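Participant: Input: one structure, supplied below.
The values are calculated or read from the model by the stated rules, or taken from the named source; none is laboratory data. Keep in mind the model is a prediction, meaning the values are calculated, not measured. Glycine gets a Cβ as well: all are built from the backbone with ideal geometry, and neighbour counts include every protein chain shown. What goes into the accessible areas is simple: the full protein's heavy atoms, side chains included, and nothing from ligands, DNA or RNA. Shrake-Rupley method; radii C 1.70, N 1.55, O 1.52, S 1.80 Å.
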Amino acid sequence: QLQASGGGWVQAGGSLRLSCAASGRTFGTTYTVGWFRQAPGKEREFVAAIAWSTYSSYYSDSVKGRFTISRDNAKITVYLQMNSLKPEDTAVYYCAASGSWIRRTSEYEYDYWGQGTLVTVSS
């Protein structure tokens, strides 16, 4: 139901835009869509989230000021614009949907997950 795309290889300082498209459903007004990432040998961590109905957004400290989350209601798609990428941003990025905004940073609150897209940032 969620399809993540847009990953690839980029040099440090470069940019990528990830997309998370929903199929077979729409995001209800109470939904939150989040991005998480998992680097090799590390646990999955929260990156950013957006509230579908209010456009409220929230970022982890590690990406604040460099990444921007947005959404297109007509396309039922959420984007993650990633600028000033660093080697430590290298990870598989996942998008997910949750009915909770309050617990937006917890992966356990997310019911639907995309398959992940790999982002590699070289130094």
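Participant: Is there any pair with a first residue in region 65-85 that is in contact (Cβ under 8 Å) with a residue 12 or more places away in the chain and under 16 Å from F46 (Cβ atoms) and a second that is among the charged types (D, E, K, R) and buried (at least 17 other Cβ atoms within 10 Å of the Cβ) whose Cβ atoms are under 6 Å apart and which are 6 or more apart or on different chains, and what are they?
Facilitator: V78/R71
Participant: If you scan region 66-105, which residues turn out to be within 15 Å of the chain's Cα centre (by Cα) and loosely packed, with under 13 Cβ neighbours inside 10 Å? If you could, list the steps in order and put the result at the bottom.
Facilitator: Let us first name the residues in region 66-105 that are within 15 Å of the chain's Cα centre (by Cα), namely 66-72, 76-83, 85, 89-98, 101, 104-105.
If the condition is that a residue be within 15 Å of the chain's Cα centre (by Cα) and loosely packed, with under 13 Cβ neighbours inside 10 Å, then D72 is the only one that fits.
Participant: Related question: Among (1) surrounded by 12 or more Cβ atoms within 10 Å (Cβ to Cβ); (2) without any contact (Cβ under 8 Å) to a residue 24 or more places away in the chain, there is one condition E43 misses while meeting the rest; what is its number?
Facilitator: So the condition that E43 fails would be (1).
Participant: For region 1-15, name all the residues that are outside any loop (DSSP other than H, G, I, E, B), open to solvent by less than 30 Å² (accessible area, probe 1.4 Å) and over 16 Å from R71 (Cβ atoms). Show your work before the answer.
Facilitator: Just the residues of region 1-15 that are outside any loop (DSSP other than H, G, I, E, B), to begin with: 2-5, 8-11.
Those still in the list that are open to solvent by less than 30 Å² (accessible area, probe 1.4 Å) too: 2, 4, 8, 10.
Within region 1-15, G8, V10 meet the criteria.
Each row is one residue, and each column tells you yes or no for (1) of a type in the set (F, W, Y); (2) touching a His at 6+ places or on another chain (Cβ under 7 Å); (3) within 15 Å of T32 (Cβ to Cβ).
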residue: Y59; (1), (2), (3): yes, no, yes
residue: K64; (1), (2), (3): no, no, no
residue: R71; (1), (2), (3): no, no, yes
residue: A97; (1), (2), (3): no, no, yes
residue: I102; (1), (2), (3): no, no, yes
residue: E107; (1), (2), (3): no, no, yes
residue: D111; (1), (2), (3): no, no, yes
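Participant: Follow-up. Can you pull out every residue in region 30-83 that is at pLDDT below 95 and of a type in the set (D, E)?
Facilitator: D72, the sole residue that qualifies.
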